[in-house]
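Colleague: A single structure is presented below for examination.
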Amino acid sequence: MHLFCGDITTILSEIKSKDPELFGYINSELERQRTGLEMIPSENFTSEAVLQACGSVLTNKYSEGYSGKRYYGGNEFIDSVESLAVERAKKLFGVPHANVQPYSGSPANFEVYLALCKPGDVVMGLNLTDGGHLTHGWKTSATGLIYKSVPYHVKKDGYTDIEEARKLAIENKPKLIWVGATAYTREFPFEEFAGIADECGAYLAADISHIAGLVVGGVHKSPKDYAHVITTTTHKTLRGPRGAMIMVTERGLKKDPGLSDKIDKAVFPGMQGGPHDHIVAGIAIALLEASKPEFKEYAAQIVRNSRALAEGLMKRGQKLVTNGTDNHMVLMDLTQFGAGSGIFAQEALEASGITVNKNTIPGDPSSPFYPSGIRLGTPALTTRGMKEKEMEIIAGLICGCLGEIKKYKLPADKEQRAKYIGSFKTEISASETIAENRKKVADMASLFPLYPKMGL
Ligand SMILES: *Cc1c(COP(=O)(O)O)cnc(C)c1O
């Protein structure tokens, strides 16, 4: 049997000889990441050290429980790995308690409900089509099915409607309120929501999945003095592996001294089994990386890039929700191209090598599946080393692609949509402008090499 040592090229060479078909797919995905511009705001490129941890022998171990209190033997070194990740998380976010075992952001949020609410309790979060996350109580999510969800919204100008949230909270007396979002381009109003939660006696959970890297980098306010619980994914701006953390703040312990214990029990045994120790190790490395001075510079550059992108788009006549951005993303309002045109923008950009995602905008005239906006972000491009100069060029490329979608309108008849989009895709793939843009995108990407040591 061949024992691998955790080196990335070694791992892939094993796959190459054993499973050429799978190797082909992974190789193609690496090539796609290298030659395109990754602008989905929730994505990023982890370091090779993080990738190595995720490909390590830690995946072989069962370790249900927590450091020093496991249900299986042989956890001496796993305990050290998990404690390292926990201590780094506590220090970096300035909190007294951290759980690094959640498998991903959605289970982490569900674990918070499980810890703090009983089925049928009232909960509040930002409405999905206003930028909130599915797990903040949307009707098709388990969180909306099991709990009584009372969503709050954004105002016409795209900013959170604090007054509505306060009114709803006082009327409905929620057990748990979420602050945080998945498509919101301004600073989260942590302080205002702390006031609302206090007024109605609710727990306040801040979901900083998107902005965790900006928080530790010092370019977004931290929720630690306002929320009782903080959840975050580890794979977005924090640039770690796909996973999540739940943290308890000093304020949370003051409200409920048993809070840390409730959270830990909800994670295991409440919701999960054995932790993914290889991922926990990857989180430990990502947290170490995020504690370095270079990461502060990275976070600041993400925001400078996002602002430069916003300006480049607006000066070319594009409309942005809230007319700009304070964070890593911009939300384009495409209603000038017709309701539901997000799909055309997403497909035209993808054909040019620019990856984005269609997204609803506040008061969307269409539906979540055929929304009227797209969401763009700068974290991954910034990881590659791109700066304001490149953002200005990219804004031009994006607007060039959008020029190609003007004549396409989403059919009102739902039956006709798939066929119409199919022929749109065929036509767009024959567009000369798109082909020229594809080449410009590849040329720019090649100037910012990705994983140069991964020779395949
Ligand atoms: C991404 C995200 C999540 C969910 O993360 P998954 O890892 O995809 O389950 C939860 N909340 C917010 C605000 C997010 O942006």
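The values are calculated or read from the model by the stated rules, or taken from the named source; none is laboratory data. Not measured: the values here are computed from a predicted model. Counting neighbours? That spans all protein chains shown, and the Cβs are built from the backbone with ideal geometry, glycine included. Protein only, heavy atoms only, side chains kept; ligands, DNA and RNA dropped before computing areas. Shrake-Rupley method; radii C 1.70, N 1.55, O 1.52, S 1.80 Å.
Colleague: In region 65-205, what percent of the accessible surface is made up of carbon and sulfur (1.4 Å probe, ligands and nucleic acids excluded)? Spell out each step's value before the answer.
Modeller: On the way: 3310 of 5880 Å².
Accessible surface attributable to carbon and sulfur in region 65-205 totals 56 percent.
Colleague: Take each uninterrupted DSSP H stretch in the chain, measure its Cα extent along the helix axis, and return the ones at 27 Å or beyond whose mean Kyte-Doolittle hydropathy is at least 1.0. Show your work: numbers first, answer last.
Modeller: Values: long enough: 293-314 (32 Å, -0.29).
None clear 27 Å together with a mean of 1.0.
Colleague: Please work out the ratio of the alpha-carbon Rg of region 237-284 to 2.2 N^0.38 Å and round it to two decimals.
Modeller: Here the Cα radius of gyration is 1.34 times the empirical estimate.
Colleague: Next question, about the same structure. Just by accessible area at a 1.4 angstrom probe, what is the order of HIS133, HIS328 from largest to smallest? Provide the component values of the computation, followed by the final result.
Modeller: Values: HIS133 50, HIS328 0 Å².
Final ranking, largest accessible area leading: HIS133, HIS328.
Colleague: What does the accessible area of LYS265 come to, in Å² to the nearest 10, when a probe of 1.4 Å is used?
Modeller: The accessible area of LYS265 comes to roughly 120 Å².
Colleague: A follow-up question, please. What does DSSP give for the chain in terms of the percent of beta bridges that are antiparallel, rounded to the nearest 5? Kindly include the intermediate steps, with their values, before the conclusion.
Modeller: Details: 21 of 35 bridges.
Rounded to the nearest five, the antiparallel share is 60 percent.
Colleague: Search the structure for amide H atoms under 5 Å from the amide H of ASN357, placed 1.01 Å from N in the peptide plane, and list their residues when 5 or more places away or on another chain.
Modeller: Excluding prolines and chain starts, which carry no amide H, the hits are ARG375.
Colleague: What are the semi-axes of the equivalent ellipsoid of region 57-290, taken as the square roots of 5 times the eigenvalues of the Cα gyration tensor, listed largest first and rounded to whole Å? Intermediate values should be presented prior to the final figure.
Modeller: Working: eigenvalues 174, 69, 47 Å².
Ellipsoid half-lengths, sorted descending, are 29, 19, 15 Å.
Colleague: Then there's this: Per DSSP helix of 4 or more residues, -39500 (n - 2.57); summed, then divided by the residues of the chain. What does that give at 222 nm, rounded to the nearest 500? The partial results should precede the final answer.
Modeller: Numbers: 18 runs with 207 residues, N = 456.
Result for the chain, helices only: -14000 deg cm²/dmol.
Colleague: Also, quick follow-up: Quote the relative contact order of the chain in percent (integer), defining contacts as alpha-carbon pairs under 8 Å separated by 6+ residues. Each step should come with its number before you reach the end.
Modeller: Working: 922 pairs, mean separation 90.3, N = 456.
Across the chain, relative contact order equals 20 percent.
Colleague: Under a Cβ-Cβ cut-off of 10 Å, what is the net charge of the residues other than GLY270 that fall near it, where Lys and Arg count +1 and Asp and Glu count -1?
Modeller: Local net charge: 0.
Colleague: Continuing with the same structure: With every atom except the alpha carbons ignored, what do you get for Rg and Dmax of the chain, in angstroms?
Modeller: My reading of the Cα-based Rg and Dmax gives 22.4, 65 Å.
Colleague: Based on the mean of other beta carbon atoms within 10 Å per residue, what is the order of 113-125, 174-186, 280-292, most packed first? Don't jump to the answer; show the numbers that get you there.
Modeller: Numbers: 113-125: 20.2, 174-186: 25.1, 280-292: 22.7.
Taking the mean over residues of other Cβ atoms within 10 Å, the ranking is 174-186, 280-292, 113-125.
Colleague: Leaving out ligands and nucleic acids, and using a 1.4 Å probe, what accessible area per residue does region 271-316 come to in Å²? Don't skip to the end; give the middle numbers.
Modeller: Numbers: 1800 Å² over 46 residues.
Value returned for region 271-316: 39 Å² of accessible area per residue.
Colleague: Given N residues in region 81-186, what is its alpha carbon radius of gyration divided by 2.2 N^0.38 Å? Mind showing how you got there, number by number?
Modeller: Details: Rg = 15.2 Å, N = 106, 2.2 N^0.38 = 12.9 Å.
For region 81-186, the normalised Cα radius of gyration is 1.18.
Colleague: Moving on. Looking at region 294-361, which trypsin sites (Lys or Arg not before Pro) are in a loop (DSSP not H, G, I, E or B) and have at most 14 other Cβ atoms within 10 Å? It would help to have the intermediate numbers written out before the result.
Modeller: Working: sites: LYS296, ARG304, ARG307, LYS315, ARG316, LYS319, LYS358; in loops: LYS315, ARG316.
Sparse-neighbourhood loop trypsin sites (Lys or Arg not before Pro): LYS315, ARG316.
Colleague: When you count, for each residue, the other Cβ atoms within 10 Å and take the mean per peptide, how do 341-347, 360-366 rank with the highest first?
Modeller: Numbers: 341-347: 24.6, 360-366: 20.6.
Packing order, densest peptide first, comes out as 341-347, 360-366.
Colleague: Determine the share of region 301-446's accessible area contributed by carbon and sulfur atoms, expressed in whole percent, with a 1.4 angstrom probe.
Modeller: 51 percent
Colleague: How compact is region 154-220 by the rule of thumb for globular proteins, expressed as Cα Rg over 2.2 N^0.38 Å? Walk me through the numbers on the way to the answer.
Modeller: Working: Rg = 12.4 Å, N = 67, 2.2 N^0.38 = 10.9 Å.
Its radius of gyration relative to the 2.2 N^0.38 Å reference: 1.14.
Colleague: Which value, in Å² and to the nearest 10, is the accessible area of PHE23 when all protein chains are kept and the probe is 1.4 Å?
Modeller: 20 Å²
Colleague: Beyond 22 Å, what share of the Cα-Cα pairs of region 301-446 is found? Please give it as a whole percent.
Modeller: Details: 3797 of 10585 pairs.
It works out to 36 percent of all Cα pairs.
Colleague: Specify the inter-centroid distance of region 194-270 and region 111-174, based on alpha-carbon positions, in whole Å.
Modeller: 16 Å
Colleague: What whole-number value in Å² describes the accessible area per residue of region 406-456 for a 1.4 Å probe?
Modeller: Working: 3540 Å² over 51 residues.
Per residue, region 406-456 has 69 Å² of solvent-accessible surface.
Colleague: Which net charge results when you count Lys and Arg as +1 and Asp and Glu as -1 among the other residues whose beta-carbon is under 12 Å from that of SER446? Show your work: numbers first, answer last.
Modeller: On the way: positive: ARG34, ARG384, LYS439, LYS440; negative: GLU31, ASP443.
In short, +2.
Colleague: May I ask you to list the GluC sites (Glu not before Pro) in region 375-456 that are in a DSSP loop and have at most 11 other Cβ atoms within 10 Å of their Cβ?
Modeller: Values: sites: GLU388, GLU390, GLU392, GLU404, GLU415, GLU427, GLU432, GLU436; in loops: GLU404.
The qualifying sites: there are none.
Colleague: Ok, one more. Tell me which lysines have Cα within less than 16 Å of LYS167's Cα, excluding those fewer than 8 residues away on the same chain?
Modeller: Within the straight-line cut-off, LYS167 pairs with LYS155, LYS175.
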